[in-house]
Every structure is written in C-alpha cells, then in structure tokens.
1. Can you give the FRET efficiency for E54 and F86, using 1/(1 + (r/R0)^6), R0 = 25 Å, r = Cβ-Cβ distance, to the nearest 0.05?
2. Which three semi-axes in whole Å describe the equivalent ellipsoid of segment 189-295, each the square root of 5 times a Cα gyration tensor eigenvalue, listed largest first?
3. What residues have an amide H closer than 5 Å to that of V100, excluding those fewer than 5 places away on the same chain, when H is modeled at 1.01 Å from N in the peptide plane?
4. In whole angstrom, note down how far apart the Cα centers of segment 194-247 and segment 92-130 are.
5. Using label points projected 7 Å from each Cα along Cα→Cβ, tell me how many nm separate R71 and K285, to one decimal.
6. On the full set of protein chains, 1.4 Å probe, figure out the accessible area of T118 and give it in Å² to the nearest 10.
7. Would you check the accessible area of K285, probe 1.4 Å, heavy atoms only, in square angstrom rounded to 10?
8. What residues qualify as long-range amide H neighbours of G218, i.e. H under 5 Å apart, gap of 5 or more or another chain, H built at 1.01 Å from N?
Amino acid sequence: MLVHIGRIVNKKIIGKYAIPAFNTQDLETTQGIVRAAEKQKAPVIIQTSVGALEYAGIEELVGIIKTEARRAKVPVALHQDHCHDFSLIKKLINLGYSSVMIDASHLPYRENIRLTRTVVSYAHKRGVWVQAEIGRILGNEDWQKVRSGKDLMTEPAQAAEFAAETQVDTLAVAVGSVHGIPVNPKIKRILRTLKEHIDLPRLKAIKKKVKIPLVLHGASGVTDTEIKAAIKAGVAVFNIDTDLRVAFNTALRQNLKKHPQIYDPRKILTPATLALQMMAEKKIKLLKANNKGRK
Ligand code: G3H
Ligand code: ZN
C-alpha cells in the first residue's frame, strides 16, 4: 500500500532498525524493489532522482511507482531525492509524493536555510515531509559532483541550528559515505586517507543534538559493520542506489554473454530484475527492516 512516509519513518524505530530508500528509474527496478519488500515483509521508501524523472518521464515513472505501491502488501512511501528545483517539487507534491528532498547543500549556508524554509512552508501546508542536506556528500549523484574532502562533513552544532531554523522532518548528513562508485582518483585518495569510512563519533554527536530522523546517503559503499553501527547511532533511513544498479547490470551482462542468441527483452531483463530483488532483500535484512512491514 502507498503510505505517507511518516507511517514508516518515526522516532520509535531509531536505534532499532532503519528503512531503506531505494532509487528507481524504470518498471523493472520498481518491481524488483516491491517484490523484495513483500518477500521480506518490509516497509520501504521508493525514491526518484531528477535524472530518473527526466529519463522516464514524470507522469510515466510516478504512475509505475504508485501502481506498484498501491498493490503492494507492505507499506511503500514515495519520496523525491536530491532536488534543487522548487517548481519541480511543487509538481511532485501535487502528484502525491509524501516526502521531498530540497538539496540546497551546494549553496552557502544561509541560502541553504532560506530555500529550505521556503520549501518546508509550502510542503507542510500540504502535509508533506521535507528532507534537506547539511554538509556535502562526496561523489557523483545525478546533477551533483562533489570532489573535496573532510571539510564538507556535517558539523553537529550547525546541523542542530539548521534543523531548528528550517523545521525539516528528516536530515541528510555527510559523515563519510560516498555517492556512487568512487572511480574518481581524487575521491579514492580521500577515502584512503580517512581511517574509517563512516565517522561514527561525528554521527553520534549529530544525533545527540538533532532530534529528527537522520538519513545516510551513499549507503552502497558502506560496509555491513558500519551500517549496523550507524543504525545504533541513530540513522533511520539509508539511501541505496548503486548496489541495486550493479546487481542488475552484472546479471544482465552475464545473461547476455551466456545466451547471446536471446533477443526478447523479457528474457534479457528477467534475471537482472531478480538479481536486483535479491540485493534489495539483502539490504532490507541488513537494516533489520524485515518483518516490520505490517499494514
Ligand atoms: O540519494 C541517493 C543515494 O544517496 C544513493 O547512493 O548510489 O551510493 O547508494 P548510492
Ligand atoms: Zn544521495
């Protein structure tokens, strides 16, 4: 069933388990995610990026997700990921998103606050949650490429001030995770110089001061041990995209290599969708979200 994000992300889950927010851009990915959630009886967030909406078409992609979500036997919430365009956010709210991310993290701090507040005021009047980002997450994500290092990590005191001034509902923090596969040599170098991938003391310090649910972006490259520690430290939502993509296209390549004669898209895509579903199930179990999806 399609639910408001507030039904599945709340203070009660913090420290116990977390909700996966999986990205989609097509029918196969959406079905793989929903099947994984149903199999594991888990609540999930399905999210779209600006690029995904451009790729598939807004009405087309939203139509697919809402149809799959409504039919699902588990709660599914629809969220817009990393969006810097207020007019697109308004459109998505009209289309039934229960949560949107205004990502103004590339702007100077006061401007990030100003734009986030404008979006919050619009969204809250319509019962919609808002996520924002404070600090900057390394790596490639849709329209953003963030290349420099530690100085972009979230400062706990600033995060608390930002949350209070903007009244956002969830907060994305930069604590060492990286968007996408770090193929960029500069990012690889930075990662090698950091002792731990996730800066747990920083995360704990943020959690102490910020009472709303925290979101960890770029969760694909993070080790299972770090994910478990981050849940304990208070992360309520983990954004996962790359690991699903890699699972999908690894299976796709293997299938085509093994059966070069197949040309029916259904035969080409079915094993890839299944591999994506398996990966989504693995992530659901890692976050301990399995069996938490009662209607
Ligand atoms: O917003 C989406 C993500 O943060 C996904 O990151 O591709 O590294 O899993 P990822
Ligand atoms: Zn992200």
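1. The computed FRET efficiency comes out at 0.90.
2. The answer is 34, 18, 9 Å, longest axis first.
3. Q80, W129, V130, Q131
4. With segment 194-247 and segment 92-130 each reduced to a Cα centre, they are spaced 22 Å.
5. Placing both labels 7 Å beyond Cα along the Cβ direction yields 2.6 nm.
6. The value for T118 is about 60 Å².
7. About 110 Å², ignoring ligands and nucleic acids.
8. Under 5 Å from the amide H of G218: N239.
The values are calculated or read from the model by the stated rules, or taken from the named source; none is laboratory data. Being a predicted model, the structure only gives us computed values, none of them experimental. Note that each Cβ is placed from the backbone with ideal geometry, even for glycine, and that neighbours are counted across all protein chains shown. Only protein heavy atoms, including side chains, enter the accessible area calculation; ligands, DNA and RNA are left aside. Shrake-Rupley method; radii C 1.70, N 1.55, O 1.52, S 1.80 Å.
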